[in-house]
1. By the gyration tensor of its Cα atoms, with a ≥ b ≥ c the square roots of the eigenvalues, what is the shape of region 122-243: rounded for a/c under 1.5, prolate for a/b over b/c, or oblate?
2. Between residue 32 and residue 75, what is the spin-label point distance in nm, taking each point 7 Å from the Cα along the Cα→C-beta axis?
3. At residue 199 and residue 236, where each label point lies 7 Å from the Cα along Cα→Cβ, what is the point-to-point distance in nanometres?
4. What is the angle, in °, between the Cα long axis of helix 253-262 and the longest principal axis of the Cα atoms in the chain? Nearest 10 is fine, range 0 to 90.
5. Any chance you could check the Cα centroid distance between region 52-100 and region 182-196 for me, in angstrom?
6. Please list, in order, the residues from region 197-221 whose amide nitrogen is less than 18 Å from a point placed 7 Å along the Cα→Cβ vector of residue 190.
7. Where q = 0.10, 0.15 Å⁻¹, what log10 of I(q)/I(0) comes from the Debye formula for the chain, counting one point per Cα?
8. Using Cα atoms only, what is the angle between the long axis of helix 23-33 and the major principal axis of the chain, expressed in degrees (0 to 90) to the nearest 10?
């Protein structure tokens, strides 16, 4: 199924919104990376969030989210560009923590840490980056905090991934709503009320709601316009034999020497897509 990002704006121009149902894309990531439940949810939320943020980028730009925590999950990385291409991974894809409740808490696995957001233009050197301390370690909370602290944009961010009893992805998606300068307090109060009354994103998707339906639920009582953005999303890994060889040069000289002395081929697996490269 084709999955697309939808963009909306309120007719009073105080709210801009991006929504996405990303179930198939997140399931694809789980399938190729063989992730356990918590890493699956963390990557799915992060990649969905990156895609929604990238929906506001100019042509030729991309954004990267790097969640670096002190907990057992260690890191979560997600990247997306203006074309809807994305990738993501975690530092501990096989992390197995007993789940205490149905709603998986990624923050407990990430622990304390920092979110760094990098924004750069494809093919050009130099980038903008900003870092914030985790608000909670929950992906959506930390993205909202970054938007507010680093870009002065008050935002509502909701991201969800639902796993069935066999830990397979059954629903995934998200919404980012940003308040424009001059928005009155009444607008903020309405958005907060709508968010509290709405089911979580994954439950809405399980009930058959699409990206447009989700936007209408969260923007209830507002007149909204569909911006007809409709950007298709797709998982795209940038790995190549040349990139792998360059990464080997970054190894500690001692480790590099061990590989040379071993005299055997070295198999290196891409953490994003699972492709195996054999280096002679």
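Taken together, the values in this text are just the output of simple stated rules run on the coordinates, not laboratory data. Everything quoted here is computed from the prediction, not taken from an experiment. Cβ sites come from the backbone with ideal geometry, for glycine too, and all protein chains shown count toward neighbours.
1. Taking the square roots of the gyration eigenvalues as a ≥ b ≥ c, region 122-243 is oblate.
2. Reported label-point gap for residue 32 and residue 75 is 1.9 nm.
3. For the pair residue 199/residue 236, the computed spacing is 3.4 nm.
4. 50
5. What the calculation gives is 28 Å, centre to centre.
6. 197-198, 213-221
7. -0.53, -1.15
8. For helix 23-33, the angle is close to 20 degrees.
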